[in-house]
């Protein structure tokens, strides 16, 4: 009669070697991986971002809100600052940001009229979704508006409205 040897000891030894080897490889990768910040000025950017959040909060606390609206009939973007800031000295800039194509981004100087309104010609803008970002300063206080608009026909405007409505429900 022939006795069969059990394969359990071999399996345990191979499993243990596989486990120890895996832990060794993971340890090696963890030790040799450089965990640098994406940007050397990361902390400066974080402070700037917090400043932007504060500016956004100040703008939302005003009695009337700043708005940016696209008018398809005139092919213009109408930017309206809060009523209580109309007629005051305003310094700032407007950025038209295209999330899908960074090369199309544009910047303008904020120059509102006495009613706190400014229009931008949007005839040359590519149809689609844009972000209007307005930074402005009144009486030493910074304010910020970040609003999505749809440049194009009314159907596109309705689509953006439906997306914004869905986003606010969640």
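Every number in this text was worked out from the coordinates using simple rules, so none of it is lab data. A quick note: this is a predicted structure, and the numbers were derived from the prediction, not measured. All Cβ positions, glycine included, derive from the backbone under ideal geometry; neighbour counts span all protein chains shown.
Under a plain spin-label model, where a point goes 7 Å from the Cα along Cα-to-Cβ, how far apart in nm are residue 91 and residue 58?
It works out to 1.3 nm between the two label points.
Say R0 is 35 Å: what FRET efficiency, to the nearest 0.05, do residue 147 and residue 114 get from their beta-carbon distance?
Working: r = 23 Å, r/R0 = 0.65.
Approximately 0.95, to the nearest 0.05.
Once R0 is set to 35 Å, what does the formula 1/(1 + (r/R0)^6) return for the Cβ-Cβ distance between residue 126 and residue 26, expressed as a FRET efficiency to the nearest 0.05? Before the final figure, lay out each step's value.
Values: r = 47 Å, r/R0 = 1.35.
Calculated transfer efficiency: 0.15.
Helix 42-61 sits at what angle to the longest principal axis of the chain, using alpha carbons and giving 0 to 90 degrees rounded to 10?
With both axes taken from Cα atoms, the answer is about 40 degrees.
From the helices alone, meaning DSSP H stretches of at least four residues, give me the mean residue ellipticity at 222 nm for the chain, per-run term -39500 (n - 2.57), in deg cm²/dmol to the nearest 500.
Working: 3 runs with 61 residues, N = 170.
Rounded to the nearest 500, the figure is -12500 deg cm²/dmol.
Need one number: nm distance between label points at residue 5 and residue 33, each 7 Å from Cα along Cα→Cβ, rounded to one decimal.
Going by the 7 Å Cα→Cβ label model, 4.0 nm.
Given points 7 Å out from each Cα along the Cα-Cβ axis, report the residue 69 to residue 12 separation in nanometres with one decimal.
Each label point lies 7 Å from its Cα, and together they span 7.9 nm.
With an 8 Å cut-off on Cα pairs and a minimum separation of 6 or more residues, tell me the relative contact order of the chain in percent.
Working: 218 pairs, mean separation 32.3, N = 170.
Relative contact order here is 19 percent.
Angle, helix 154-169 long axis vs. longest principal axis of the chain, Cα atoms, 0 to 90°, nearest 10?
The two axes meet at around 60 degrees.
Could you work out the pair-distance distribution P(r) of the chain from its alpha-carbon pairs, with 5 angstrom bin width and percents rounded to whole numbers?
Over the chain, the share of Cα pairs per 5 Å bin runs 1, 7, 11, 13, 13, 11, 8, 4, 3, 4, 4, 4, 4, 3, 3, 2, 2, 1, 1, 0, 0, 0 percent.
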